[in-house]
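Structure record follows, encoded as structure tokens.
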Amino acid sequence: MSDMRRSLPNAITLGRLALAILFFALAARLEVSATADPTVAWWAVLVFVVAALSDVLDGHLARKWQVVTGLGRVLDPAVDKILIIGGLIYLASAPLAPDSGIAPWMVILVIGREFLVTSLRAVIEGAGGKFPADWTGKSKMFLQCVAVPVALGQAAIPNLHASADYRLLATSIIWAMLVLTALSTIPALVRGRSALSTVVGR
């Protein structure tokens, strides 16, 4: 039982990677037109949502069973970034853009933030310190996980694209995600500076 508990969270993470690949395969088949069949788009949304929810499950199990591993600490955020950034790249590319509401500069902002914070975390933890995600980072991740399927629906599901109310909702969520992504960099840098001072002072 202990071996299963130790391996299950990482197995769920690898399953999320497989779902991310499936999501990308579905996204590559999407068509954008008023008469397009929305079946593939709905499947893509479902796969993305299941993948995003699995992130909550593997982290919860790892903490509950106290089986957080070095592999899991690296693999889990890496798969998260593949899922989110990959989804945003598809949304900012043809045929989903510009109907998705995701522009290339938005993807650059997200990638820049993730590279900056990930590099900072690598330096701190490589020196023996700790740099866990705070509530702003977790909230940012939540909004990103909401924004991707919402934007996909706006681009590739005709009934949603035709709804002015839905487009307003999607735009609001996308901009909220961008603002929080940018703002979450500030506390991360402040915490990073403090953590680096602690590590250097050892």
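At-a-glance table
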quantity: Radius, Kirkwood style, for region 2-200 when every pair of distinct Cα atoms is counted (Å); calculated: 17.8 Å
quantity: Protection proxy ranking, peptides 177-184, 35-42, average beta carbon neighbours within 10 Å, highest first; calculated: 177-184, 35-42
quantity: Helix axis angle, 164-183 relative to the chain longest principal axis, alpha carbon, degrees; calculated: 20 degrees
quantity: Under 17 Å from Lys140, Cα to Cα: aspartates and glutamates that are on another chain or at least 8 residues apart; calculated: Asp55, Asp76, Asp80, Glu114
quantity: Distance from region 95-115 to region 134-168 (C-alpha centre basis), Å; calculated: 13 Å
quantity: Efficiency of FRET between Lys64 and Asp134 - r from beta-carbon atoms, R0 35 angstrom, step 0.05; calculated: 0.95
quantity: Helix 185-200 vs. the chain, principal-axis angle (Cα, 0 to 90°, nearest 10); calculated: 20 degrees
quantity: Distance in nm between pseudo-label sites at Tyr166 and Ile111 (7 Å out along the Cβ direction from Cα); calculated: 2.9 nm
quantity: Top of Thr171, Thr185, Thr69 by mean-square fluctuation, Gaussian network on the chain, Cα under 10 Å; calculated: Thr69
quantity: Between helix 104-126 and the chain: long-axis angle, C-alpha atoms, 0 to 90°, nearest 10; calculated: 10 degrees
quantity: Two-site label geometry, Ile82 and Leu183: point separation in nm, points 7 Å out along Cα→Cβ; calculated: 3.2 nm
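Computed from the coordinates by the stated procedures, all read-outs in this text should not be read as laboratory data. Source: prediction; values computed, not measured. For neighbour counting, all protein chains shown are included, and Cβ atoms are generated from backbone atoms with ideal geometry for every residue, glycine included.
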